[in-house]
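Only one structure is covered here, and it is reproduced in the block below.
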Amino acid sequence: MTIAVVDYGVGNLFSIYNALDRIGAGPKLAREPEEIAGFDGIVVPGVGSFGRCMRRLTRFEEPLRRALEEGTPVLGICVGMQVLFDGSEESPEEGLGWIRGDVVRLPDSVLVPQMGWNTLSIKREIEILEGISDEDFFYFVHSYHCVPEDRSVLAATTDYGTEIAAAVSRDNLFAVQFHPEKSGEKGLKILENFMRFTRC
């Protein structure tokens, strides 16, 4: 099996590539849109601003949509989660719109960005959260957070001055606001769960 890591020129892919390699996921960097086809799963990372990520990701949009519609599991991480939504207060660019809702700035009452470890509040059982509990810590680095219109997509939240969508899912689409590749053994567990789901 192999999992594609979409390399669209945003952020350092070293951590997620190595984490996937460590769990035997056979990661491959997909630097061109045509390279996405045929993988068992796809990871969309993201670091930096929403607008910059969307400008770089646009050329991958159609092959990603096609893979998703064909049933390929897709996992968005950090800004890779945010771009799945309609848009962000951070930038004028439109998001992919695969999950209805917006990305808004963290409240003024907290330090921005949120940078550090926080626990989850599990809202419903999904494949990638198997073996994860409310006591487990994950590493967050972000200034904006996703607010889905349909709360049924929420799989886990965290508390940082307000309720933060930490994990969402719908069918074969998954996304997390935190960085599983930087979250120790529990983070690797989430990636292992995703890898196992790609084999279903």
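Would you kindly give the portion of the calculated P(r) for region 9-100 that falls above 15 Å, as a percent of all Cα pairs?
Details: 2466 of 4186 pairs.
So the pairs more than 15 Å apart make up 59 percent of the total in region 9-100.
Between Ile77, Ile99, Ile23, which gets the highest mean-square fluctuation from a Gaussian network model of the chain, Cα cutoff 10 Å?
Comparing Ile77, Ile99, Ile23 in the GNM, the peak value goes to Ile23.
I want the antiparallel fraction of DSSP beta bridges within region 3-198, as a percent rounded to 5.
On the way: 24 of 40 bridges.
Just about 60 percent of them are antiparallel.
Over the C-alpha atoms of region 63-133, what are the Rg and the largest Cα-to-Cα span, Dmax, in Å?
14.8, 43
Assign unit charges at the C-beta atoms only (+1 for Lys and Arg, -1 for Asp and Glu), then state the dipole size of region 3-198 relative to its Cα centre in Debye, rounded to the nearest 20. Show your work: numbers first, answer last.
Working: 19 positive and 31 negative charges, 69 e Å.
The dipole of region 3-198 has a size of about 320 debye.
What Kirkwood Rh does the chain have if only Cα atoms enter the pairwise 1/r average? Answer in Å. Provide the component values of the computation, followed by the final result.
Details: mean 1/r = 0.0607 Å⁻¹.
So the Kirkwood estimate lands at 16.5 Å.
In percent, how large is the relative contact order of the chain, given Cα pairs closer than 8 Å and 6 or more residues apart?
20 percent
Can you give me the relative contact order of region 92-200 as a percent, contacts being Cα pairs under 8 Å and 6 or more apart?
On the way: 191 pairs, mean separation 30.6, N = 109.
Normalised by residue count, the contact order of region 92-200 is 28 percent.
Would you compute, from DSSP H runs of 4+ residues alone, the mean residue ellipticity of the chain at 222 nm, taking -39500 (n - 2.57) per run and dividing by the full residue count, rounded to the nearest 500?
Details: 5 runs with 45 residues, N = 200.
Taken over the chain, the calculation gives -6500 deg cm²/dmol.
For Glu62 and Glu135, what does the FRET efficiency come to when R0 = 41 Å and r is the distance between their Cβ atoms, rounded to the nearest 0.05?
The calculated FRET efficiency here is 0.50.
Every read-out reported here was derived from the displayed coordinates using simple, explicitly stated rules and does not represent laboratory data. Remember, predicted model here, so these are calculated numbers, not experimental data. Please note: Cβ atoms are built from the backbone with ideal geometry, for glycine as well, and neighbour counts cover all protein chains shown.
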